[in-house]
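The values are calculated or read from the model by the stated rules, or taken from the named source; none is laboratory data. Worth saying up front: this structure is predicted, and the values here are computed from it rather than measured. Cβ placement follows ideal geometry from the backbone for every residue including glycine, while neighbour counts extend to all protein chains displayed. These accessible areas exclude ligands, DNA and RNA; they are computed on the full protein's heavy atoms, side chains included. Shrake-Rupley method; radii C 1.70, N 1.55, O 1.52, S 1.80 Å.
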Amino acid sequence: MTTANADLFTPAFQSDPHPVYARLRTDEPVRLVTLPGGNQAWLVTRYEDARRALADPRLCKSGVLAPTGPNTLIDPSVVEAMSKHMLTADPPDHTRLRRLVSAAFTNRRVELLRPRVQEITDGLLDAMAGRDELDLIDAFAFPLPIQVICELLGVPAEDRESFREWSDTIVSGVSAGERLPWAFASMLEYLRAMLARKRVEPADDLVSALIAVSEEGDALTENELTSTVFLLLIAGHETTVNLIGNAAYVLLSQRERWAELRADPELLPGAIEEFLRFESPVETATFRVAVEDVELGGTTIPAGAAVLIGLLSGNRDDRRFADPDQFDPARRDNAHLAFGHGIHYCLGAPLARLEARIALGSLLDRFGDLRLAVDPAEVLWRPGVLMRGLTALPVTGLR
Ligand code: HEM
């Protein structure tokens with residue numbers, strides 16, 4: 001049995017992709033699909049194949065066009081200044097870029113953020129208290145990570161609404177149409193002005209540290225700097241919004257879980273790994289290109305073809321996880337692929353976990369009566385192939 005391409009990437013698929021992925025894993029675990037923008041890619045849906053593909057040096061990043069695909073009108077010079085970062089690079093460039101950024105984006109810098117993450121969280125929860133009903137994405141899941149990443153990088157808080165607009169547009173990719181080139185150009189103009197400011201007046205932030213970082217005379221070029229700051233902004237907030245939003249959705253649509261976690265906060269770290277597995281914030285890894293014919297799961301991916309690796313699908317594979325469609329905060333052996341695998345494994349995973357623990361721990365603690373204000377099946381999921389997240393999460397019970 002085959003799954004029709006028409007069943008993929010539709011609003012119905014987006015609201016519940018799991019049965020479709022389960023069919024693909026059984027019938028066509030590596031299959032050619034046509035994406036919403038019209039491009040084609042080989043979609044990998046089983047856990048073991050996905051893990052192998054993520055670590056396969058024959059599936060490369062060089063040669064992948066603009067982060068949003070070839071069918072856009074983005075000025076080539078803008079693409080050049082936004083795509084020279086580690087997530088579009090292969091070794092040896094990748095090794096060098098990742099080493100330079102890791103030297104500035106240290107665990108110490110992440111740990112130092114802990115009190116600020118708590119403070120920002122408390123401020124947002126204070127503002128929510130007493131309201132009848134609100135959108136938890138808008139009031140909480142979105143503003144927290146953007147404030148944190150802006151503080152980490154040294155971007156003034158008053159600019160965060162502009163960032164939301166630009167990055168939302170960029171992440172929705174080709175479906176954003178003519179707004180896409182505008183969003184890229186606006187973001188780049190902003191980043192260049194910010195870098196110029198920090199060169200003259202460095203501060204104790206990650207952008208200043210990235211400017212300063214140099215190793216045996218090897219520093220980041222101007223395009224690598226704009227690209228890296230851009231990557232951290234996008235990777236550091238859209239993803240974490242989805243983790244917090246999806247986690248709240250899981251807990252509120254299975255309300256007994258909300259009560260269970262409130263009663264036993266020790267379950268929280270394991271629960272966060274389980275949210276990452278169960279409704280993975282990043283649905284598919286970023287595109288790769290096969291540099292030669294690659295055999296995977298019994299199928300040959302031809303040289304030159306684009307490859308899309310299903311993280312959400314792999315994380316629900318019953319060949320790897322017992323009862324994968326059950327949310328189990330006490331699950332052991334939870335080696336999910338939500339942060340990727342191999343050389344591109346998420347550099348921000350410690351920060352994402354820190355934010356999620358503080359955000360969800362404080363939300364649970366503060367609002368014992370929190371409830372969904374809509375039927376769980378009515379919530380809307382974001383369009384696009386890469387991300388799995390809600391457009392809104394109406395809640396009530398904030399008194
Ligand atoms: C829940 C939150 C997050 C999730 C689920 C997530 C997921 C991922 C995934 C799946 C990849 C690999 C993509 C691929 O191989 O194609 C990745 C890479 C990356 N992530 Fe995250 N991420 C999260 C948060 C963050 C944060 C907070 C930051 C930084 C502030 C960050 C920075 C990065 C960077 C720099 C890379 C590229 C690493 C490389 O190419 O070597 N991420 N992330």
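Annotations
- Largest mean-square fluctuation among 30, 291, 44, in a Gaussian network model of the chain whose springs join Cα atoms under 10 Å apart, belongs to 291.
- CD proxy at 222 nm, helix term only [per DSSP H run n ≥ 4: -39500 (n - 2.57); per residue of the chain; nearest 500]: -14500 deg cm²/dmol
- Euclidean distance of C-alpha centroids, the range 132-155 and the range 241-262, integer Å: 18 Å
- Cα centroid separation, the range 1-49 to the range 299-324 (Å): 10 Å
- For peptides 277-285, 384-392, sequence by mean Cβ density within 10 Å, most packed first: 277-285, 384-392
- Alpha carbon convex hull of the range 230-309, volume per residue in cubic angstrom: 131 Å³
- ³J(HN,Hα) computed for each position of the range 387-399 - Karplus, 6.51 cos²θ - 1.76 cosθ + 1.60, integer Hz, glycine/proline x: 10, 10, x, 8, 7, 7, 9, x, 10, 9, x, 9, 8
- Solvent-accessible area per residue in the chain equals 42 Å², computed with a 1.4 angstrom probe and all protein chains kept.
- Applied to the range 258-265, the Karplus parametrisation 6.51 cos²θ - 1.76 cosθ + 1.60 on θ = phi - 60° returns per-residue 3J(HN,Hα) values of 4, 5, 4, 6, 5, 6, 9, x Hz, with x for Gly and Pro.
- Net charge over other residues, Cβ less than 13 angstrom from the Cβ of residue 130 (K, R count +1; D, E count -1): -1
- Each of residue 223 and residue 165 was given a label point 7 Å from its Cα along the Cα-to-Cβ line. The distance between the two points is 2.9 nm.
- Over the Cα atoms of the range 5-128, the radius of gyration divided by the Kirkwood radius equals 1.07; this is the Rg/Rh ratio.
- Taking 7 Å steps out from each Cα toward its Cβ at residue 10 and residue 212 produces label points 5.6 nm apart.
- Rg then Dmax, both in Å and based on the Cα atoms of the chain: 20.6, 63.
- At R0 = 51 Å, FRET efficiency that the Cβ-Cβ distance of residue 326 and residue 109 yields, to 0.05: 0.90
- Linear extension gain, residue 55 paired with residue 333, 0.36 nm per residue minus alpha-carbon span: 98.1 nm
- Rounded to the nearest 20 debye, the dipole magnitude of the range 5-396 is 620 debye, with +1 charges on Lys and Arg beta carbons, -1 on Asp and Glu beta carbons, and the Cα centre as origin.
- Summarising the amide proton neighbourhood of residue 301: residues at separation of 5 or more, or on other chains, whose placed amide H is nearer than 5 Å comprise 294, 295, 296.
- Summarising the amide proton neighbourhood of residue 282: residues at separation of 5 or more, or on other chains, whose placed amide H is nearer than 5 Å comprise 388.
- Derived scalar couplings ³J(HN,Hα) [the range 27-42; Karplus, 6.51 cos²θ - 1.76 cosθ + 1.60; whole Hz; x for Gly, Pro]: 9, 9, x, 10, 9, 6, 10, 9, 8, x, x, x, 6, 10, 8, 8
- Neighbour-limited loop hits for GluC sites (Glu not before Pro), the range 170-267 (at most 15 other Cβ within 10 Å; DSSP other than H, G, I, E, B): 178, 216
- At 0.890 mPa s and 25 °C, Stokes D of the range 243-399 from Kirkwood alpha-carbon radius, µm² per second: 144 µm²/s
- Extension gain for residue 391-residue 300 works out to 29.1 nm (0.36 nm per residue, less the C-alpha to C-alpha distance).
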